Amino acid sequence: MSVILFDVEALPGTATASRRARLLVVDDQPINIRALYEVFSPDHDVFMATNGAQALEFCQQTPPDLVLLDVVMPDLSGLEVCRALKADSKTQSIPVIFVTSLDDPAEEAACWDAGGVDFITKPINALTVRNRVRAHLTLKHQSDLLRRMAWVDGLTGVANRRQFDERLVREWQRCRRGGQPLSAGIIDIDHFKAYNDTYGHLAGDDCLRQVAAAIERSLARPGDLVARTGGEEFTCLLPEVDLQGARIAVENVERAVRALGISHSASEHGMVTVSIGIATALPAGEETAESLLKRADNGLYSAKRAGRARVRSDEDPPVASP
């Protein structure tokens, strides 16, 4: 028997710029993948994996909205794949529907225990599986909206203070266990009150959005975090980055904001700029996450005293006011 493997390119219509729901079908039998593809491809973007390792890699790179997962597969079983997804903060919110030919109460109980949200037996009934997927996609959409409201700044789309505080604790603990440095940068838009007074609050809001986007583009590592932590203040976390690396990273941020070319007649530079304070800690001993942020704030104060539109750390030599 010949086996035909359908990758993303082989399934017509799966790569699209529109925001249709993204489904990942995981099954070691191509005929089962084809059956689910035919059910969902008219209204969804359908991707596939023929083993558990492929599925986990896909979910890390481009998390789908829902996974349809076979239970019995070689190497990693569907139960093992589901447990791995639920153990990772990046993928734990992806709903998993198990699809299996087994009709065993113990097997069904194992699927629930692994973190599945539903259980469908083969051969599939197209109407049943379509309605169940629709219901779980609706629930996920509502959950994502609530999570976004709770964790994301509504104006700029970057993380908010709540998300930052929780991530700071988690990264501090992780870097302490691994003996790795943790760096932080506090980014403040120079003369922002004067910008609002001159151009109005609508222009000020647009300025904040552009600056936030520039910061995010500059800090491109997956582990980096940018959060809006004040009116015109952003804070970034750079795990496993020493002071020299942090300085290079946020200097890129300073240049990226300047490159936006947003006019600012009340600024000595004639455009919107940012001042940035940085600090690095090796999470151990008496140093705390709070003291790391305090030292970054001292660096920010030093940058402002030195004339703004620059990067300073609290370890840099003191400078006189310009």
- Please enumerate the residues belonging to the stretch 75-118 that are among the hydrophobic types (A, V, I, L, M, F, W, C) and either closer than 19 Å to Arg22 by Cα or assigned by TED's automatic domain parsing to the domain that holds Leu225 (or both). Val81, Cys82, Leu85, Ile94, Val96, Ile97, Phe98, Val99, Val117
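Considering Ala289, Ala309, which residue is buried (at least 17 other Cβ atoms within 10 Å of the Cβ) and on the phi > 0 side of the Ramachandran plot?
Values: Ala289 fails: on the phi > 0 side of the Ramachandran plot.
After ruling out the rest, the residue left standing is Ala309.
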- Message: Among the residues of the stretch 116-128, are any under 30 Å from Gln163 (Cα atoms) and crowded, with 21+ Cβ neighbours inside 10 Å?
- Response: yes
- Message: Condition (residue is under 30 Å from Arg34 (Cα atoms), in the same structural domain as Asp88 (by TED's automatic domain parsing) and of a type outside the set (Gly, Ala, Ser)) applied to the stretch 143-166: is it met by at least one residue?
- Response: yes
- Message: Restricting to the stretch 31-84, give me the number of residues that are over 23 Å from the mean Cα position of the chain (by Cα) and either more than 19 Å from Leu137 (Cα to Cα) or of a type in the set (Phe, Trp, Tyr) (or both).
- Response: 19
- Note on the structure: Every listed condition ((1) touching a residue at least 40 places away in the same chain (Cβ under 8 Å); (2) within 27 Å of Ile189 (Cβ to Cβ); (3) surrounded by fewer than 17 Cβ atoms within 10 Å (Cβ to Cβ); (4) not basic (Lys, Arg)) holds for Ala159 save (3)
- Query: Which residues, taken from the stretch 142-156, are farther than 19 Å from Cys236 by Cβ and without any contact (Cβ under 8 Å) to a residue 24 or more places away in the chain?
  - Reply: Gln142, Leu145, Leu146, Arg148, Met149, Ala150, Gly154
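Among the residues of the stretch 42-72, what is the count of those that are in a loop (DSSP other than H, G, I, E, B) and under 21 Å from Arg132 (Cβ atoms)?
As a first pass, look at the stretch 42-72 and keep what is in a loop (DSSP other than H, G, I, E, B): 42-44, 50-51, 62-65, 71-72.
Next, only the ones that are under 21 Å from Arg132 (Cβ atoms) stay: 42-44, 63-65, 71-72.
Selection size over the stretch 42-72: 8.
Somewhere in the stretch 298-306, is a residue under 24 Å from Arg167 (Cα atoms), within 23 Å of the chain's Cα centre (by Cα) and among the small types (Gly, Ala, Ser)? Show your work before the answer.
We begin by selecting, within the stretch 298-306, every residue under 24 Å from Arg167 (Cα atoms); these are 298-300.
Narrowing further to those that are within 23 Å of the chain's Cα centre (by Cα): none.
Checking the stretch 298-306: not a single residue is under 24 Å from Arg167 (Cα atoms), within 23 Å of the chain's Cα centre (by Cα) and among the small types (Gly, Ala, Ser).
Going by what's in this entry, would Leu238 be described as in contact with a strand residue (DSSP E or B) (Cβ under 6 Å, 6 or more places away or on another chain) and either in contact (Cβ under 8 Å) with a residue 24 or more places away in the chain or farther than 26 Å from Gln163 by Cα (or both)? First the steps, then the outcome.
Numbers: in contact with a strand residue (DSSP E or B) (Cβ under 6 Å, 6 or more places away or on another chain): yes; either in contact (Cβ under 8 Å) with a residue 24 or more places away in the chain or farther than 26 Å from Gln163 by Cα (or both): yes.
Yes.
Residues checked against (1) closer than 30 Å to Gln173 by Cβ; (2) among the hydrophobic types (A, V, I, L, M, F, W, C); (3) in contact (Cβ under 8 Å) with a residue 12 or more places away in the chain; (4) touching a helix residue (DSSP H, G or I) at 6+ places or on another chain (Cβ under 7 Å):
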{"position": "Ala212", "(1), (2), (3), (4)": "yes, yes, yes, no"}
{"position": "Ala249", "(1), (2), (3), (4)": "yes, yes, yes, no"}
{"position": "Asn252", "(1), (2), (3), (4)": "yes, no, yes, yes"}
{"position": "Val257", "(1), (2), (3), (4)": "no, yes, yes, yes"}
{"position": "Ser265", "(1), (2), (3), (4)": "no, no, yes, yes"}
- Note on the structure: Flagged pairs (Cβ under 9 angstrom, 6 or more apart or on separate chains; first in the stretch 165-190, touching a residue at least 60 places away in the same chain (Cβ under 8 Å) and in a helix (DSSP H, G or I); second of a type in the set (Val, Ile, Thr) and surrounded by 15 or more Cβ atoms within 10 Å (Cβ to Cβ)) are Leu168/Thr235
- Query: If you go through the stretch 63-81, how many residues are surrounded by 19 or more Cβ atoms within 10 Å (Cβ to Cβ) and more than 14 Å from Ala49 (Cα to Cα)?
  - Reply: 2
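Go through the stretch 79-95 and give me each residue that's part of a loop (DSSP other than H, G, I, E, B) and among the basic types (Lys, Arg).
Step one: of the stretch 79-95, the residues part of a loop (DSSP other than H, G, I, E, B) are 88-95.
Listed by number, the list holds a single entry, Lys90.
The values are calculated or read from the model by the stated rules, or taken from the named source; none is laboratory data. Keep in mind that what you see is a predicted model, and the values were worked out from it rather than measured. Please note: Cβ atoms are built from the backbone with ideal geometry, for glycine as well, and neighbour counts cover all protein chains shown.
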